[in-house]
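Have a look at the structure below before the remarks.
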Amino acid sequence: MATQDLDDIITFIETQLNTVSKLDTVVFQGADDPEPNVRDFGAVISVQLEDLVTREHLHIGPHLTEFWKVDLDIILKRKAKTPRKSVSDAYGTSYWIKTITALFLNQTNSGAFVRTSWVSDAIEEVNSGITIKGQINIEILNKYT
């Protein structure tokens, strides 16, 4: 069992998102950076350092259970003509919430993680489109010797 760190987590998230063919942009950036250039659909990965990781001793020995939280926002640049279409369109908000939730549900990264999940926090409508704000929760059992 190898110790997983933030770089391993970001690499895993980017790799998973790159399997979704509709995403034309996958970017890791700072939480306060401006929105990246997205043609139709994009994903922004960012980290809030104050609540990034929580560590708990749940096992005997040099094992620590770590709960990592990484922000993942989905940007939809195609704005629908009506509010209803923004949800029910073929690639509307409901499609993206369902797709990203399924993409990260109980993934183990070839046994490196215990489990993962993505939770949608809010949907923001801006002039250029819609942003679905969410957070990936990753549980890791790290061994420290």
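Only the coordinates and a few stated rules stand behind these numbers; no lab work does. Here the structure is a predicted model, which means the values were calculated and not measured. Note that each Cβ is placed from the backbone with ideal geometry, even for glycine, and that neighbours are counted across all protein chains shown.
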Karplus-derived HN-Hα couplings along region 46-62 (A = 6.51, B = -1.76, C = 1.60, θ = phi - 60°), whole Hz, x at Gly and Pro: 8, 10, 9, 5, 5, 10, 6, 9, 10, 10, 9, 8, 10, 9, 7, x, x
Using alpha-carbon coordinates, inclination of helix 6-17 to the longest axis of the chain, degrees: 40 degrees
Value in Å of the Kirkwood radius, where the chain supplies the Cα pairs that are averaged: 16.1 Å
Most to least packed among 54-61, 107-114 [average Cβ atoms within 10 Å]: 107-114, 54-61
Charge sum, other residues only, whose C-beta stays under 15 Å from Leu58's C-beta, Lys/Arg counted +1 and Asp/Glu -1: 0
Count of Lys pairs (Cα-Cα under 27 Å; at least 8 positions apart or interchain) in the chain: 21
Relative contact order (%) - the chain, alpha-carbon pairs under 8 angstrom, separation at least six: 24 percent
DSSP-defined beta bridges in the chain - what % are antiparallel, rounded to 5: 90 percent
